[in-house]
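Worksheet for the structure shown next.
The values are calculated or read from the model by the stated rules, or taken from the named source; none is laboratory data. Worth saying up front: this structure is predicted, and the values here are computed from it rather than measured. As a convention, Cβ positions derive from the backbone with ideal geometry for all residues, glycine included, and neighbour counts pool all protein chains shown. We work out accessible area using only protein heavy atoms, side chains counted, and drop any ligands, DNA or RNA first. Shrake-Rupley method; radii C 1.70, N 1.55, O 1.52, S 1.80 Å.
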Amino acid sequence: MTRVSIKGIIFDMDNTLLQSKINFLEMKQAIFTLWAEHGLCEPTFEWRSYTASQLIEMGRKSGRMTSQLEQTMWAAVTAIEKAGMHEAVLEDHVKEVLAHLKERYHLFILTNNAYAAAEEALNHTGIADCFQEIVAREQMTTLKPHPSGIHYILGQYPQWSAPAWTMVGDSWIDGKAAHGGEVAFIAYQGERADMERNEVSPRAYITDLRELLDIL
């Protein structure tokens with residue numbers, strides 16, 4: 001079988017390229033509190049067992065979320081994101097690796113964060129111009145682990161098949177999104193137990209971003 005050459009790389013942002021300080025526990029608790037107060041879930045609901053994006057989608061699919069409640073939710077989430085992004089720093093070797101990769105591939109960011117928060121963090125850390133586009137939750141119909149964002153990116157390049165793309169991320173939700181979009185997934189400092197528990201099979205596990213230069 002002929003191997004398809006890689007054309008595009010999709011990067012998760014938090015804890016893949018940036019060491020953000022987003023307090024996801026606080027975010028999940030804020031979402032849960034809002035849901036419980038408005039009857040979208042029981043007070044005994046085990047919210048800690050879910051990611052923030054899963055909780056958000058549960059609320060959106062409940063059929064009981066008003067537009068005002070959704071605005072309140074996004075305001076709370078965005079405030080926590082912005083606070084966490086304010087002091088974001090780069091993961092090791094990011095600038096070095098991106099400088100090499102952008103000469104050979106189309107690079108994208110795919111994040112569940114708000115566009116404004118992502119753009120601010122990427123500009124602050126000096127890597128925004130490495131990417132063709134920052135794809136944030138505003139461009140998705142459903143957050144990761146759903147492949148909506150993958151489909152959005154691939155839809156802009158219909159001349160390239162899914163195997164011409166690779167996604168790099170730290171979390172199983174990135175891997176799930178990649179698999180759903182039929183693109184390869186490379187796990188950066190990912191927890192193998194989480195990957196296996198959520199039926200994610202990365203093409204490779206890496207602990208140093210410089211390994212991408214040999215793998216791709």
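In whole percent, and with a 1.4 Å probe on the protein chains, what portion of the accessible area of segment 1-72 is carbon and sulfur?
Numbers: 2020 of 4190 Å².
Within segment 1-72, the accessible surface is 48 percent carbon and sulfur.
Show log10 I(q)/I(0) for segment 1-59 at q = 0.12, 0.14, 0.26 Å⁻¹, two decimals, from a solvent-free Debye sum over equal Cα scatterers.
Result of the Debye calculation: -0.46, -0.55, -1.06.
Using helices alone, I'd like the mean residue ellipticity at 222 nm for the chain: each DSSP H run of four-plus residues gives -39500 (n - 2.57), total over residue count, nearest 500. Don't jump to the answer; show the numbers that get you there.
Numbers: 9 runs with 87 residues, N = 216.
Roughly -11500 deg cm²/dmol at 222 nm, from the helical runs in the chain.
Projecting each Cα onto the charge dipole of the chain (Lys/Arg +1, Asp/Glu -1 at the beta carbon, about the Cα centre), which of L101, M58, Y157 comes out farthest on the positive side?
Selected residue: Y157.
Charges at C-beta only: +1 for Lys and Arg, -1 for Asp and Glu. How large is the resulting dipole of segment 1-44 about its Cα centre, in Debye rounded to 20?
Numbers: 4 positive and 5 negative charges, 84 e Å.
Charge dipole of segment 1-44: 400 debye, to the nearest 20.
Please report, in debye to the nearest 20, how large the charge dipole of segment 62-216 is about its Cα centre when each Lys and Arg carries +1 at its beta carbon and each Asp and Glu carries -1 there. Show your work: numbers first, answer last.
Details: 12 positive and 22 negative charges, 85 e Å.
The dipole of segment 62-216 has a size of about 420 debye.
From the phi angles alone, apply the Karplus equation (6.51, -1.76, 1.60; θ = phi - 60°) to segment 185-190 and give each ³J(HN,Hα) in whole Hz, x where the residue is Gly or Pro.
10, 10, 8, 9, 6, x
Could you calculate the contour length gain from Q139 to E119, that is, 0.36 nm times the residue separation minus the distance between their Cα atoms, to one decimal place in nm?
Working: separation 20, 0.36 × 20 = 7.20 nm, distance 1.37 nm.
Full extension of this stretch gives 5.8 nm more.
Amide H neighbours of M13 under 5 Å, counting only residues 5+ apart in sequence or on other chains, H built in-plane at 1.01 Å?
Distant-sequence amide H within range of M13: L110.
Reachable lysines from K61, Cα under 16 Å, same-chain residues fewer than 8 places away excluded?
Cross-link targets: K144.
For segment 62-216, what is the accessible area per residue in Å² when the probe is 1.4 Å? Walk me through the numbers before you get to the answer.
On the way: 7280 Å² over 155 residues.
Value returned for segment 62-216: 47 Å² of accessible area per residue.
From the list (1) 19.3, 59; (2) 16.4, 54; (3) 17.3, 56, can you say which value of Rg and Dmax of the Cα atoms in Å was derived from the structure given?
Here Rg and Dmax of the Cα atoms in Å agrees with entry (3).
Using a 7 Å offset from the Cα along the Cα-to-Cβ direction at both Q159 and I215, what is the distance between the two label points in nm, to one decimal?
2.8 nm
If you wrap a convex hull around the alpha carbons of segment 91-190, what volume per residue comes out, as a whole number of Å³? Could the numbers behind the result be given before it?
Values: hull volume 9.5 nm³, N = 100.
In segment 91-190, the Cα hull volume divided by residue count equals 95 Å³.
Can you give me the angle between helix 52-61 and the longest principal axis of the chain, using Cα atoms only, in degrees from 0 to 90, rounded to the nearest 10?
Around 60 degrees separate the two axes.
Compute the separation of the alpha-carbon centres of segment 127-171 and segment 62-119 and state it in Å as a whole number.
For segment 127-171 versus segment 62-119, the Cα centre distance is 13 Å.
Assuming R0 = 30 Å, what is the FRET efficiency of E191 and T44, from their Cβ-Cβ distance, to the nearest 0.05?
On the way: r = 27 Å, r/R0 = 0.91.
After rounding, the FRET efficiency stands at 0.65.
If amide hydrogens are placed 1.01 Å from N in the peptide plane, which non-local residues have theirs closer than 5 Å to the one on G181?
none
Tally the DSSP beta bridges in the chain and give the antiparallel ones as a percent, rounded to 5. Could you put the intermediate results ahead of the total?
Details: 2 of 21 bridges.
Close to 10 percent.
For segment 2-111, state which trypsin sites (Lys or Arg not before Pro) are in a DSSP loop and have at most 15 other beta carbons lying within 10 Å of their beta carbon. It would help to have the intermediate numbers written out before the result.
On the way: sites: R3, K7, K21, K28, R48, R60, K61, R64, K82, K95, K102, R104; in loops: R3, K7, K21, R64, K102, R104.
Answer by residue number: R3, K21, R64, R104.
Using DSSP to call loops (not H, G, I, E or B), can you name the GluC sites (Glu not before Pro) in segment 1-104 whose Cβ has at most 11 other Cβ atoms within 10 angstrom?
Values: sites: E26, E37, E46, E57, E70, E81, E87, E91, E96, E103; in loops: E46, E87, E91, E103.
In loop regions of segment 1-104 (DSSP not H, G, I, E or B), the sparsely surrounded GluC sites (Glu not before Pro) are E46, E87, E103.
Helix 115-124 against the longest principal axis of the chain: what's the angle in degrees, Cα atoms only, rounded to the nearest 10?
Relative to the chain, helix 115-124 is tipped by roughly 50 degrees.
For segment 96-206, what % of the accessible area comes from carbon and sulfur atoms, probe 1.4 Å?
On the way: 2120 of 4750 Å².
Accessible surface attributable to carbon and sulfur in segment 96-206 totals 45 percent.
Would you mind checking which residues have amide H under 5 Å from M167's amide H? H placed 1.01 Å from N; only 5 or more apart, or other chain.
I10, A184, F185, I186
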